[in-house]
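The values are calculated or read from the model by the stated rules, or taken from the named source; none is laboratory data. Note that this is a predicted model, so its numbers are computed, not measured. Neighbour counts are summed over all protein chains in view; Cβ atoms, including those assigned to glycine, are modelled from backbone coordinates with ideal geometry. Heavy atoms of the whole protein, side chains included, go into the accessibility calculation; ligands, DNA and RNA do not. Shrake-Rupley method; radii C 1.70, N 1.55, O 1.52, S 1.80 Å.
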Amino acid sequence: MMYSEGLPARGAVFWPVGTGDSTTVVVDDGVVMQVDLHDLAKADSDENPEVAVVDRLVDALPIVDGEPYLATFVLTHADKDHCLGFADLLAKVRIGELWSTPRLWREYNDPDAPELCADAIAFREESERRIEVTRAAVRDGGAPGSGDRIRVVGYDTDHSSHAYDDLPKEYLAYPGTSLTVLDGHDRAGVFEAFIHAPFKEDAAAARNETSLSMQVTLTDESGVDGKVLLFGDLAHDTIMKIFKYSAAKDREQYLEWDLLLAPHHCSKRVMYKKDVDGAEVLQQDILDAFERNARLGASIVASSAVFPDVDVDGHNPPHLMAADRYAEIADELICTMSWIDELAPSPVVFGVDAYGARVIRGELLEKSAQEAALELSMSSVGRRFAAVTAAAVSLAHALPATAIASEFSGVDRVQDAIAADRGGQSAPENPIGFGR
């Protein structure tokens, strides 16, 4: 395949933010969508690198009416590793439109629900403010403007007790909906988000199983497209419902992917279940479904800490056993915290242009700052993607190597656990898996 000399105008950037999600989708020079946020400077850890994702993202956004402008912010679900920094972002940027899910209000009404972090509360409060503004605008025969728009994605059987209950249908979306408008900008032909979940029957499920899930398609003016699957923190059963429902309704084109963001940060719960004896049993059906819908040259990205050398029972993702399975079905498996260099990771940059849909690598990443500065200073359309890439590269360069090794990889912790499990013998010297 041929490669262009510069960065494409359209694509997605997966920031290296440890085990958490921060995905920036650049539709064109003026329209940018952020899916989730994990600001490292806000994470709760003494060893955490004090690197502000929000500040770098703000610097890369277009300026509209004198202020940084983000067309749409999508929160897949309200876990801390998906929304840290939202309040800071809201204070520094005009966010044209929010995409939320009904789960926020179900949790607000349920005293037994898991406690929301401060940024999730800020997101819910901002959502409710926008709902009130929308109601007032509709009563006056109008519509909310940029900075006040909201879209609630999903259906809850308890919707009558939620703040968004009486919103007109144009501010709602459900599984099976295809969206091409971001904050009033109709980008049909170059952008499409097909909503897969959350499902109505999962409204009362655990928070992860109510994740907003979608296929994002970006299309170059030449007609070449690239497809990204984003499943949030869904596990096996809910993802399989997506595959089964789409097949039953002849919508399998919305399952195709050039890039799959590994659900729940490369968790084994996507493809393993424990039997009655506690043994991990592989669920081959989901791997077959992923592989069947992969396009030529497809890549899987795990937005996670460095994969461990061995799995330790009870540890949170990423899990080596999941990484090993993903490596068997994709042309390439990439961990955001070890991409290119474990001690100096690069952002994972997925671009789409006339030369194809692909993960960008090499000198193009390092030259992104120069390209962005030159082209944007000349008011050239199509270099917003370069600006966002440059911002993510600068963040990656600012990550302290000591913090990456201690905070994200957990090598010493894993080694100690294995040594204890083996009666004092250490783990094998040769690393197993990827990212090493």
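For the range 79-92, which residues satisfy the criterion of being under 13 Å from residue 123 (Cα atoms) and either part of a strand (DSSP E or B) or open to solvent by 10 Å² or more (accessible area, probe 1.4 Å) (or both)? Across the range 79-92, the qualifying residues are 79, 80, 84, 87, 88, 90, 91. Note on the range 321-346: among residues that are open to solvent by less than 10 Å² (accessible area, probe 1.4 Å) and not polar (S, T, N, Q), the one that is modelled with the lowest pLDDT is 345. Within the range 277-312, restricting attention to residues that are of a type in the set (A, V, I, L, M, F, W, C) and either on the phi > 0 side of the Ramachandran plot or part of a helix (DSSP H, G or I) (or both), the residue that is surrounded by the fewest Cβ atoms within 10 Å (Cβ to Cβ) is 287.
On the stretch given as the range 246-272, residues that are in contact with a Lys or Arg (Cβ under 8 Å, 6 or more places away or on another chain) and of a type in the set (Phe, Trp, Tyr) total 1. In the condition set (1) in a helix (DSSP H, G or I); (2) modelled with pLDDT of 95 or more, residue 95 is compliant with all but (1). Only one of the numbered conditions (1) in contact with a Ser or Thr (Cβ under 8 Å, 6 or more places away or on another chain); (2) more than 18 Å from residue 324 (Cα to Cα) is not met by residue 265, and that is (2). Annotation note: of 387, 403, the sole residue that is open to solvent by less than 20 Å² (accessible area, probe 1.4 Å), modelled with pLDDT under 85 and closer than 19 Å to residue 54 by Cβ is 403.
So which residues in the range 353-369 are open to solvent by 50 Å² or more (accessible area, probe 1.4 Å), modelled with pLDDT of 70 or more and assigned to a helix (DSSP H, G or I)? 363, 366, listed by residue number.
Conditions (1) under 19 Å from residue 151 (Cβ atoms); (2) at pLDDT below 95; (3) out of contact with any strand residue (DSSP E or B) (no Cβ under 7 Å at 6 or more places or on another chain), marked per residue:
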residue	(1), (2), (3)
192	yes, no, no
195	yes, no, no
206	no, yes, yes
220	no, no, no
250	no, no, yes
258	no, no, no
263	no, no, yes
267	no, no, yes
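So, of the residues in the range 119-167 that are among the basic types (Lys, Arg), under 23 Å from residue 78 (Cα atoms) and in contact (Cβ under 8 Å) with a residue 24 or more places away in the chain, which turns out to be least open to solvent (accessible area, probe 1.4 Å)? Looking at residues that are among the basic types (Lys, Arg), under 23 Å from residue 78 (Cα atoms) and in contact (Cβ under 8 Å) with a residue 24 or more places away in the chain, I get 130.
If you go through the range 371-384 and keep only what is assigned to a loop (DSSP other than H, G, I, E, B) and at pLDDT 65 or above, you end up with just 383.
Within the range 263-276, the set of residues being among the hydrophobic types (A, V, I, L, M, F, W, C), under 21 Å from the mean Cα position of the chain (by Cα) and assigned to a loop (DSSP other than H, G, I, E, B) comprises 266, 271. Going by the structure shown, is residue 353 acidic (Asp, Glu), in contact with a Pro (Cβ under 6 Å, 6 or more places away or on another chain), touching a residue at least 24 places away in the same chain (Cβ under 8 Å) and under 30 Å from residue 189 (Cα atoms)? Here the answer is yes, as residue 353 does meet what is asked. Give all pairs with beta carbons closer than 6 Å in which a residue from the range 266-286 that is under 21 Å from residue 243 (Cβ atoms) meets a residue that is of a type in the set (Asp, Glu) and surrounded by fewer than 17 Cβ atoms within 10 Å (Cβ to Cβ); count only pairs at least 6 apart in sequence or on separate chains. That search, which allows pairs on different chains as well, returns 272/280; 281/275.
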